[in-house]
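Below you'll find the structure, written out as structure tokens, and then a few comments.
The values are calculated or read from the model by the stated rules, or taken from the named source; none is laboratory data. Every value quoted in this text rests on a predicted model; they were computed, and no experiment measured them. Glycine also receives a Cβ, built like all others from the backbone with ideal geometry; neighbour counts cover every protein chain displayed. Side chains included, ligands, DNA and RNA excluded: accessible areas come from the protein's heavy atoms. Shrake-Rupley method; radii C 1.70, N 1.55, O 1.52, S 1.80 Å.
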Amino acid sequence: MKKILPLILLLTGLFAKTSRAQFESVKDSVVQLYGIVMTADSLQGIPAVSITIKGSARGTMTNNQGVFSIVVLKGDVIEFTHVSYKPKTVVIPKSLEGSQYSVVQLMVEDTAYLPATIIRPHPSPEQFARDFANTKVPDDDIEIARQNNSSAKRRALMNATPADAGEATSMQLRNIATKATYQGQIPPMNIFNPAAWAEFIQAGKRGDFKRKED
């Protein structure tokens, strides 16, 4: 036992030294990236621009004034995307000195041309009903659709699927629209919403609030 104790102390010291060295290495590579995204022609801030780190699921988006901030690593490739502008990329220099990096990213408007769609009505409602009723759908596709639309499957997908840049953009646009709609007044609260109370009661019956065993 007396021989093992010094060995354990030595291994503990080496492990602590190695962990500290790894922490210092990661700490030196962390960079706070911040800046503003603006239009190239009028220098106006662009809201709801998706800013993602290439090759990872992390990202952020600009606020109403086009300002953003995100933690990145040296050498990361940062992508700026927006539905109305051409995408841009920025590379964080590996030889960057310090832990902060600021950018003023200019973006050029982009026009997306969609193919023409020709909509032709059915000759009569009866023919449409007949064609709809006679459409053959494979049984396996119906079963897959039924499983994917079940409440349990939707909850599982919602909890396990990470949000992408498109969802973040949609959320930001919805927040902007809601803020503009209820400007100068108190927004509605779900505590007075009967539908929200019904969903709360159903969630309690399903056991959504039960503590999960490790």
Practice prompt. For I176, state whether it is out of contact with any strand residue (DSSP E or B) (no Cβ under 7 Å at 6 or more places or on another chain) and open to solvent by 70 Å² or more (accessible area, probe 1.4 Å).
Written response: no
Worksheet item: Does the range 131-138 contain any residue that is without any contact (Cβ under 8 Å) to a residue 12 or more places away in the chain and in contact with a His (Cβ under 9 Å, 6 or more places away or on another chain)?
Response: yes
Worksheet item: Mind checking which residues of the range 96-130 are open to solvent by 90 Å² or more (accessible area, probe 1.4 Å), touching a residue at least 40 places away in the same chain (Cβ under 8 Å) and either assigned to a loop (DSSP other than H, G, I, E, B) or in contact with a Phe, Trp or Tyr (Cβ under 7 Å, 6 or more places away or on another chain) (or both)?
Response: E109
Worksheet entry | Given (1) part of a loop (DSSP other than H, G, I, E, B); (2) under 30 Å from I51 (Cα atoms); (3) open to solvent by less than 90 Å² (accessible area, probe 1.4 Å); (4) not hydroxyl-bearing (S, T, Y), number of the condition V137 does not satisfy | (2)
Practice prompt. Go through M158, M171 for me and flag whichever is surrounded by 12 or more Cβ atoms within 10 Å (Cβ to Cβ), within 30 Å of N64 (Cβ to Cβ) and of a type in the set (A, V, I, L, M).
Written response: M171
Worksheet entry | All positions within the range 43-90 that are open to solvent by 40 Å² or more (accessible area, probe 1.4 Å), under 13 Å from V104 (Cα atoms) and β-branched (V, I, T) | V67, T89
